[in-house]
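For reference, the structure discussed in these notes is given below.
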């Protein structure tokens with residue numbers, strides 16, 4: 001089963017592929033004051049809904065780096081009729097391989113929401129965006145954090161290590177240590193998480209019900225039902241997710 005296919009189906013009914021509510025995302029967008037001649041770059045842009053909304057709001061231009069070609073196709077479909085497609089450049093490559101091409105302080109806004117693995121980790125992502133963004137510009141990242149120390153069982157279920165994440169405060173402090181100014185941060189509430197995870201699971205369940213001949217159905221159902229149990233048993237109380245807006 002292709003991981004990107006699974007993720008695309010699981011997120012097909014989400015506006016954004018993260019558990020932060022739209023109202024909180026809109027609030028952070030309002031704090032990034034941009035002009036029509038400004039440029040934004042998004043690492044691991046997915047279906048580019050955030051970039052599309054920034055273009056709608058501020059008439060900026062943008063570069064979307066996304067490895068999965070299916071997400072770029074979805075992004076183009078989302079953008080069609082909402083923005084001029086010449087406002088957004090899609091780069092269908094591995095961010096690690098191409099990010100140095102954009103280390104020219106050409107951008108007013110650098111974004112990476114839930115995709116810090118595309119560079120390696122949060123520290124590497126903040127450093128890459130710091131090089132891309134001009135002085136006085138914004139760095140807008142989304143990252144997980146531990147709300148409490150995870151159990152060994154939960155770490156095993158995730159295939160993760162304790163050191164993979166820090167705390168919410170730790171995420172903010174990391175930016176400060178790199179010379180960035182924290183402007184505002186928001187986190188997903190329990191209601192946000194329940195809405196996100198519920199839609200994530202139901203999208204897979206509905207797809208499998210509607211497409212019983214797909215050879216991946218059994219694998220997808222096994223995975224999503226295991227994930228649902230993992231979320232309810234451990235994840236809901238342990239894993240957090242925050243959006244962090246910094247100024248360079």
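Go through 62-72, 148-158 and give me the packing order, highest mean Cβ count within 10 Å leading.
Numbers: 62-72: 20.5, 148-158: 13.9.
The densest-packed peptide leads the list: 62-72, 148-158.
Per-residue extension of 0.36 nm, minus the Cα-Cα distance of residue 222 and residue 86, leaves a gain of 44.8 nm for this segment.
Multiplying the residue separation of residue 2 and residue 56 by 0.36 nm and removing their Cα-Cα distance gives an extension gain of 16.2 nm. A simple spin-label model places the labels of residue 202 and residue 167 3.5 nm from each other, with each point 7 Å out along Cα-to-Cβ.
Mean residue ellipticity at 222 nm, helices only, the chain: -13000 deg cm²/dmol; runs of at least 4 DSSP H residues each add -39,500 (n - 2.57), and the sum is divided by the number of residues.
Angle of helix 49-58 to the longest C-alpha principal axis of the chain, folded into 0 to 90 degrees and rounded to 10: 30°. Full extension of the chain segment joining residue 76 with residue 30 gains 14.1 nm, where the gain is 0.36 nm per residue of separation less the Cα-Cα distance.
Rule-based calculations on the coordinates, nothing more; no lab input. Everything numeric here is computed off the predicted structure, so don't read it as measured data. Heads up, the Cβs are rebuilt from the backbone with ideal geometry, glycines too, and the neighbour counts pull from every protein chain shown.
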